[in-house]
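Single-structure report; data block below.
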């Protein structure tokens, strides 16, 4: 049986704030409900890089807003970046209202290159490609104007996002193929459809 002892640095009397001293068990503080506590894990490493094993083909490049006397400047894409290895043939911006979910989409041929220019979004990518080295993997990114970055999503990956901020979110996309008005390369698995939660194992 573990022995309960007082913190050796304090006596059994009340502390200066009027509360009682913490009771220690084997040197560790004990609290009611401690069994339900979940350890936190850092989303980044010591260099600031994301601690995430990316799905095969998915890439993310964090960028830094540069301050100047009139405001800030943030690069969205450069031809010299390894993430821009396919031509930029079209650029468009889409918006999502606070709390709204836009999922799940999939392109058979086109690569998406997403950049959140305003707001805060939770973007999820799921690999359901048979034979993929990362089959069944989920990548979850929290991207916004205060933590900007370029997210590259190759074809045949389910992806979508939720606006988790309090303002309308604006997202720039630079797909690798022009939009075909007669036959769009866009397949949808509606988030609220009966099959969605069985196919993509993620819910907001």
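The values are calculated or read from the model by the stated rules, or taken from the named source; none is laboratory data. From a predicted model like this one, the values you see are computed outputs, not experimental measurements. Backbone-built Cβ (ideal geometry, glycine too); neighbour counts: all protein chains shown.
Among (1) part of a strand (DSSP E or B); (2) in contact (Cβ under 8 Å) with a residue 40 or more places away in the chain, which single condition is residue 110 missing?
Failed condition: (1).
Assess whether residue 56 counts as being surrounded by 12 or more Cβ atoms within 10 Å (Cβ to Cβ), in a loop (DSSP other than H, G, I, E, B) and out of contact with any strand residue (DSSP E or B) (no Cβ under 8 Å at 6 or more places or on another chain).
yes
So residue 139 ticks every box in (1) part of a loop (DSSP other than H, G, I, E, B); (2) within 15 Å of residue 60 (Cα to Cα) but one. Which box is left unticked?
Condition not satisfied by residue 139: (1).
With respect to residue 144, is the statement that it is modelled with pLDDT of 95 or more and under 18 Å from the mean Cα position of the chain (by Cα) true?
It is true that residue 144 is modelled with pLDDT of 95 or more and under 18 Å from the mean Cα position of the chain (by Cα).
Determine if the stretch 32-53 includes at least one residue that is assigned to a loop (DSSP other than H, G, I, E, B), within 23 Å of residue 163 (Cβ to Cβ) and assigned by TED's automatic domain parsing to the domain that holds residue 185.
no
Take the stretch 114-129 and flag every residue that is assigned to a strand (DSSP E or B) and in contact (Cβ under 8 Å) with a residue 40 or more places away in the chain.
Result: 114, 115, 116, 117, 118, 120, 121, 122, 124, 125, 126.
For residue 42, state whether it is loosely packed, with under 11 Cβ neighbours inside 10 Å and at pLDDT below 55. Show your work before the answer.
On the way: loosely packed, with under 11 Cβ neighbours inside 10 Å: yes; at pLDDT below 55: no.
So residue 42 does not fit the description; no.
When you go through 191, 181 one by one, which is the residue that is farther than 14 Å from residue 110 by Cα, over 18 Å from the mean Cα position of the chain (by Cα) and either assigned by TED's automatic domain parsing to the domain that holds residue 135 or surrounded by 12 or more Cβ atoms within 10 Å (Cβ to Cβ) (or both)?
181
Please indicate, with yes or no, whether at least one residue in the stretch 92-113 is within 12 Å of residue 152 (Cα to Cα) and either under 17 Å from the mean Cα position of the chain (by Cα) or not assigned by TED's automatic domain parsing to the domain that holds residue 187 (or both).
yes
I'd like the full set of residues that are loosely packed, with under 11 Cβ neighbours inside 10 Å and in a loop (DSSP other than H, G, I, E, B), limited to the stretch 59-86.
Residues satisfying the conditions are 69, 70, 79, 80, 82.
Please specify each residue of the stretch 147-163 satisfying the condition of being surrounded by fewer than 17 Cβ atoms within 10 Å (Cβ to Cβ) and either closer than 18 Å to residue 204 by Cβ or over 12 Å from the mean Cα position of the chain (by Cα) (or both).
Residues satisfying the conditions are 155, 156.
For the stretch 162-192, which positions are outside any loop (DSSP other than H, G, I, E, B) and farther than 13 Å from residue 99 by Cα?
Listed by number, the residues that qualify are 170, 171, 172, 173, 187, 188.
Would you point out which residue out of 5, 94 is in a strand (DSSP E or B), surrounded by 10 or more Cβ atoms within 10 Å (Cβ to Cβ) and at pLDDT below 95?
Result: 5 is the single residue among 5, 94 that is in a strand (DSSP E or B), surrounded by 10 or more Cβ atoms within 10 Å (Cβ to Cβ) and at pLDDT below 95.
Can you tell me how many residues within the stretch 130-144 are in contact (Cβ under 8 Å) with a residue 60 or more places away in the chain and buried (at least 16 other Cβ atoms within 10 Å of the Cβ)?
Total meeting the criteria: 4.
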